[in-house]
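Below is one structure, written out as structure tokens, with a few remarks after it.
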Amino acid sequence: MPTRNLSMRPFRSSFLNVEKDTNTIIKKLFVESKPYSDILKRLLVIPSADCLDNTENEVYKEAVAKATPAWLKKNNFIVTVPRVPLKEFEEKKSYILISFDNFVETATNPEYRDCVIAIDVISHIDIWDLGNYRLRPLRIAGYIDGILNNNRLSGIGLLQFLGCTMIHLNENLSGYTLLYQAVHGIDDKIPEVDDVKPQKWENIPRDR
């Protein structure tokens, strides 16, 4: 087991807290914000135009029930690397990409780093239209924004909306990028070497 150099002081860095922040955001979106979490799942995993309107469809209910955060990540509905994982012959679907950018020194404490959290909402163009002028990526963006904006998340701080812009990946995939300012704090302290434990998707319901 590695030992800590006693002459090396404990330090803090928001870069080493990104995985926990990602976990916190995903839990907030898909676990802790019902009934909006289930509506967000419908928009994400059910490609049919009636995903919101057909609330009694048993197949749709089953799809929402199995869409745990772990399942969503495993099946690439939630993506945490800067690439849409396209597969040949895969059904037309939607994606949520979460990334962290523009780290700057926190004004009130130089040991911490504020950052911008970017959430890309991407849908295949053929499943954008939900009828009655509703567009799937904007609906997804709307529920994400309603859940996160001006909400204080543990370890992240207050999320403040910065803007939203349209993005085009190719002729089939387009969507919107939501940007939020996040202020980090004392949860960014680097643990002692003897206390380090592997990071995992703790406290998130897993598939059985």
Cross-chain or 6+ apart pairs with Cβ under 9 Å, the stretch 161-190 first and outside any strand (DSSP E or B), then among the β-branched types (Val, Ile, Thr) and at pLDDT 95 or above: Leu169/Ile122; Glu171/Ile125; Asn172/Ile125
Evaluate the following for Tyr36: is it in contact with a helix residue (DSSP H, G or I) (Cβ under 8 Å, 6 or more places away or on another chain), touching a residue at least 12 places away in the same chain (Cβ under 8 Å), over 19 Å from Leu173 (Cα atoms) and surrounded by fewer than 17 Cβ atoms within 10 Å (Cβ to Cβ)? yes
Does Asp50 meet the test of being of a type in the set (Asp, Glu), over 16 Å from Val121 (Cβ atoms) and outside any loop (DSSP other than H, G, I, E, B)? no
Restricted to the stretch 1-38 and to residues being in a helix (DSSP H, G or I) and acidic (Asp, Glu), the residue modelled with the highest pLDDT is Asp38
Every residue in the stretch 112-151 that is acidic (Asp, Glu) and either exposed (fewer than 15 other Cβ atoms within 10 Å of the Cβ) or within 14 Å of Ile167 (Cα to Cα) (or both), please. Asp120, Asp126, Asp129
Flagged in the stretch 43-93 as touching a His at 6+ places or on another chain (Cβ under 7 Å) and either buried (at least 16 other Cβ atoms within 10 Å of the Cβ) or hydrophobic (A, V, I, L, M, F, W, C) (or both), in numbering order, are Lys93
Checking Ala63 against (1) in a strand (DSSP E or B); (2) over 30 Å from Gly155 (Cα atoms); (3) not acidic (Asp, Glu): exactly one of these is not met. Which one? (1)
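The values are calculated or read from the model by the stated rules, or taken from the named source; none is laboratory data. Here the structure is a predicted model, which is why all the values come from computation and not from measurement. Glycine gets a Cβ as well: all are built from the backbone with ideal geometry, and neighbour counts include every protein chain shown.
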